[in-house]
Every structure is written in structure tokens, then in C-alpha cells.
Amino acid sequence: MTVSSDTTQLQAHRANFRRRVLITGGAGFIGSHLAETLLAQGHEVTVIDDLSTGRFENIAHLVEHPRFRFAIDTITNEAVLDRLASDCGVIYHLAAAVGVKLIVEKPVHTIQDNVIGTEVVLRTALRYRARVLIASTSEVYGKGVAVPFREDDDVVLGPTARSRWGYAASKMVDEFLGLAYHSEYNLPVVIFRLFNTVGPRQVGRYGMVIPRFVQQALKGEPLTVYGDGQQSRCFMHVHDAVNAIIGLAAHPEAVGKVFNVGNGEEITILDLARRVLAAVHGEQVLPPPDGKRITLIPYEQAYAAGFDDMRRRVPDTARIRALLGWQPQYTLDDILRDVIAEKRAE
Ligand code: UDP
């Protein structure tokens with residue numbers, strides 16, 4: 001064999017090797033969509049998930065795929081994570097505590113999972129020089145009021161007595177750690193802050209508002225709007241989120257930076273409830289009074305102590321748009337259509 005064919009073989013091997021990716025939390029709502037899309041793009045995909053909030057049924061349709069493999073385990077089992085990561089070019093780190101309800105009810109588990117888990121992932125990635133995409137969250141903007149939120153804005157968290165901010169702080173530590181591994185060890189790390197992301201496979205159990213409202217509307221129950229319903233959010237379809245994440249993984253200039261990933265279409269939660277009712281029942285969006293169709297529930301009744309809500313949360317996505325040309329392709333109506341279709345089929 002000549003030197004040049006050796007080199008070609010080595011390059012081919014490397015290119016192949018780099019096509020394998022690892023997704024932590026790959027049986028979760030977002031991770032499973034990411035796995036599907038990466039498989040469709042020709043990647044070899046490995047998933048690790050401890051099924052704490054992820055569900056095996058999210059990946060059951062992938063297990064026979066020749067380029068898919070998975071392990072049911074926690075990412076803090078470093079021997080397993082090491083074995084899985086050793087032939088991966090990219091690690092998408094999505095495994096984390098999710099959902100405001102869960103975070104407020106299990107603060108110890110939240111902080112430990114987020115901080116220790118991310119440290120283990122980064123340490124492992126460093127051994128193989130894998131690129132790491134770390135999922136962060138718009139929660140890190142805390143109680144900031146200067147919307148839209150830009151990546152370099154100052155952050156304002158509430159007091160430590162409220163455990164919601166422990167989640168925000170733990171994700172900030174994840175970001176600090178990731179950026180530190182980049183600056184100190186030159187590890188290629190990219191941080192993306194997901195704003196409210198919705199779509200099929202998201203469950204309402206951990207508090208997420210859209211699957212909850214859709215399930216309530218389908219059962220004919222009143223929709224539970226917390227507080228006065230004037231707090232607002234912007235909802236992004238999971239397919240838009242997946243495209244953004246994959247785009248960031250592929251772009252060399254994303255490394256060492258933080259990106260907002262969200263949809264700018266803002267809606268109050270009360271108006272969201274009306275939109276869900278209209279979409280499920282095919283009615284026109286009715287003005288108040290909403291009578292028996294919507295119930296306002298005080299926050300103290302809705303959440304355990306340790307909860308604090310934010311009034312508005314809007315992303316500024318100029319940075320990712322400038323780098324990738326990315327912008328959301330799905331509207332809130334698309335999201336509601338897809339979620340309603342899924343919940344109806346269930
Ligand atoms: N919310 C609500 N009713 C519910 C669940 C949530 O009014 O049954 C509100 C919640 O208080 C927040 C918004 O909907 O103001 C979005 O909540 P979610 O937990 O989906 O995400 P967050 O943006 O709080 O992380």
C-alpha cells in the first residue's frame with residue numbers, strides 16, 4: 001500500500017469517526033428529535049439517558065436503526081460515558097434536570113445533576129478532543145426586565161431561598177465551566193440557551209404549559225392559568241431548535257460562544273390559553289370573560305415554595321442569525337397544531 005492511499009484511508013477513517021455523535025439526554029423530548037434528525041442526515045448516533053425524565057418510547061422507533069446505539073445509564077457513570085464518547089466527534093450535552101415543577105420540588109437533584117453531570121461530560125470530551133454543545137436555558141436571564149435578552153446582558157437572579165434560582169445558577173455554572181474548558185484547555189465548546197421549546201413528545205408532568213393546556217382542553221377541563229396570566233413567553237417549535245443546534249455544531253466560528261435559540265413571537269399566558277381553546281374546539285378566539293373554560297390559580301397554590309415567576313421572556317437572536325442565517329420556520333399555530341395532533345392520537 002502506498003503512503004498516499006494510507007493517508008486517504010486515514011482521512012476516510014477520521015471523517016467517518018467524526019460522523020459519530022453522542023447525545024446525552026437523547027431519550028428526552030429535545031434529544032430524541034435531535035437523534036432522529038442527525039440519523040436522517042447520515043450520522044452515527046449514540047444516546048445515553050437515565051430515563052429520569054426521558055422516556056424509552058421516544059427512541060423505541062430508532063433502536064433497530066443500523067447507525068443508532070444507546071445506553072440506559074447516568075452520565076455520571078464515567079466509565080460508561082467514556083466508552084461511548086471515545087469515538088465521537090461531537091457531544092450534544094442535553095441531559096439535565098428540566099421543568100420548573102421538578103426543579104422547585106427536587107432542588108438537590110437539580111443542582112447535582114446539572115453541575116456534576118456537565119463536569120463529567122467536559123472532562124470526558126477533553127480526553128478525545130470532541131466538540132461539546134452544552135444546552136443552557138433562558139432561565140439564566142432570571143428576573144431581567146430589559147427584553148429582548150441578549151447573550152451578553154447582565155443577569156439578575158432572585159434570592160437563594162427560592163430554589164428556582166438554584167436551577168438558573170447551576171446552568172450558569174455549566175456555562176462558566178464550558179467556557180473555561182474552552183479558554184483554558186482549548187476544548188471546542190459551544191453554549192446554546194434554549195427559550196421555551198415545545199412540540200410532540202413534551203409532557204406536561206414537569207409543568208410545561210402548552211402540553212398541559214392542550215391536555216386540559218382535550219379533556220374538557222378548565223385551563224389552569226397561573227397568576228394573572230399577563231406574564232408572557234415566546235414558544236419555539238422543537239424542529240427549529242434542532243436545526244439551530246445542528247447548525248451551531250457544524251460552524252467553526254460558534255466555538256467559545258453563547259447563543260440564544262428562541263422564537264420572538266411573544267404571547268401572554270392568558271392569550272395562549274384562549275388560542276389553545278380555539279385551536280382544540282375550533283372556536284373563534286373569544287374575549288373575556290372566559291367563564292368556566294379558564295381558571296386563574298394563584299402561584300402559591302400552583303407551585304411549592306421556592307417558586308418565582310418572570311413577567312416577560314423574549315430572545316434576541318441576532319447573533320445566531322448573523323452566524324448561520326437561522327431563524328424560526330414554525331409559528332405558534334404550527335406548534336399548537338402538532339401538539340394537539342399528538343395528544344389527540346394518544
Ligand atoms: N403556567 C400556567 N399554567 C400551567 C403551567 C404553566 O399558567 O398549567 C405558566 C407558568 O407559570 C409560566 C408560563 O406558563 O408563567 C410558562 O411556564 P413553563 O413551565 O412552561 O415554562 P417557564 O417559562 O416558566 O420555564
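Assuming GLY204 fulfils every condition listed in (1) buried (at least 20 other Cβ atoms within 10 Å of the Cβ); (2) under 18 Å from HIS33 (Cα atoms); (3) within 14 Å of the ligand (Cβ to nearest atom) apart from one, which condition is it?
(1)
Taking the range 259-299 only, how many residues are aliphatic (A, V, I, L, M) and either modelled with pLDDT under 90 or more than 16 Å from the ligand (Cβ to nearest atom) (or both)? Even if it seems obvious, please write down each step before you answer.
Of all residues in the range 259-299, those aliphatic (A, V, I, L, M) come to 261, 267, 269-270, 272-273, 276-280, 285-286, 294, 296-297.
Filter once more, so that each one left must be either modelled with pLDDT under 90 or more than 16 Å from the ligand (Cβ to nearest atom) (or both): 278-279, 285-286.
So the count comes out to 4.
Would it be correct to say that ASP228 is of a type in the set (D, E, K, R) and touching a Phe, Trp or Tyr at 6+ places or on another chain (Cβ under 7 Å)?
Numbers: of a type in the set (D, E, K, R): yes; touching a Phe, Trp or Tyr at 6+ places or on another chain (Cβ under 7 Å): no.
Taking the combined requirement at face value, the residue does not satisfy it.
Give me a count of the residues in the range 214-240 that are open to solvent by 10 Å² or more (accessible area, probe 1.4 Å) and assigned to a strand (DSSP E or B).
Residues in the range 214-240 being open to solvent by 10 Å² or more (accessible area, probe 1.4 Å) and assigned to a strand (DSSP E or B): 3 in total.
So which of ILE210, ILE245 ends up being within 17 Å of the chain's Cα centre (by Cα), open to solvent by less than 20 Å² (accessible area, probe 1.4 Å), more than 10 Å from the ligand (Cβ to nearest atom) and touching a residue at least 12 places away in the same chain (Cβ under 8 Å)? It would help to see each step written out before you state the result.
On the way: ILE210 fails: more than 10 Å from the ligand (Cβ to nearest atom).
On inspection, the qualifying residue turns out to be ILE245.
Mind checking whether some residue in the range 181-192 is touching a residue at least 12 places away in the same chain (Cβ under 8 Å), within 20 Å of the chain's Cα centre (by Cα) and within 11 Å of the ligand (Cβ to nearest atom)?
no
Looking at (1) open to solvent by less than 40 Å² (accessible area, probe 1.4 Å); (2) touching a Ser or Thr at 6+ places or on another chain (Cβ under 6 Å); (3) not hydroxyl-bearing (Ser, Thr, Tyr), find the lone condition where LEU62 falls short.
(2)
Of all residues in the range 152-172, which are in contact with a strand residue (DSSP E or B) (Cβ under 6 Å, 6 or more places away or on another chain) and crowded, with 18+ Cβ neighbours inside 10 Å?
Of all residues in the range 152-172, those in contact with a strand residue (DSSP E or B) (Cβ under 6 Å, 6 or more places away or on another chain) come to 155-157, 168, 171.
Listed by number, the residues that qualify are LEU157, ALA168, LYS171.
Does at least one position in the range 205-212 carry a residue that is in a helix (DSSP H, G or I) and not aliphatic (A, V, I, L, M)?
In the first step, residues of the range 205-212 are kept if they are in a helix (DSSP H, G or I); the result is 209-212.
Restricting the remaining residues to those that are not aliphatic (A, V, I, L, M) gives 211-212.
Yes.
Can you spot a residue in the range 131-139 that is in a helix (DSSP H, G or I) and over 30 Å from GLU266 (Cβ atoms)?
We begin by selecting, within the range 131-139, every residue in a helix (DSSP H, G or I); these are 138-139.
After this cut, where a residue has to be over 30 Å from GLU266 (Cβ atoms) as well, the list is none.
No; the residues of the range 131-139 include none that is in a helix (DSSP H, G or I) and over 30 Å from GLU266 (Cβ atoms).
Go through the range 98-142 and count every residue that is within 16 Å of the ligand (Cβ to nearest atom), surrounded by fewer than 23 Cβ atoms within 10 Å (Cβ to Cβ) and either more than 28 Å from TYR303 (Cα to Cα) or touching a residue at least 60 places away in the same chain (Cβ under 8 Å) (or both).
Matching residues across the range 98-142 total 8.
The values are calculated or read from the model by the stated rules, or taken from the named source; none is laboratory data. The model shown is predicted, which means the values in this text are computed figures rather than measured ones. Cβ sites come from the backbone with ideal geometry, for glycine too, and all protein chains shown count toward neighbours. Please note that ligands, DNA and RNA were not included when accessible areas were found on the heavy atoms of the full protein model with its side chains. Shrake-Rupley method; radii C 1.70, N 1.55, O 1.52, S 1.80 Å.
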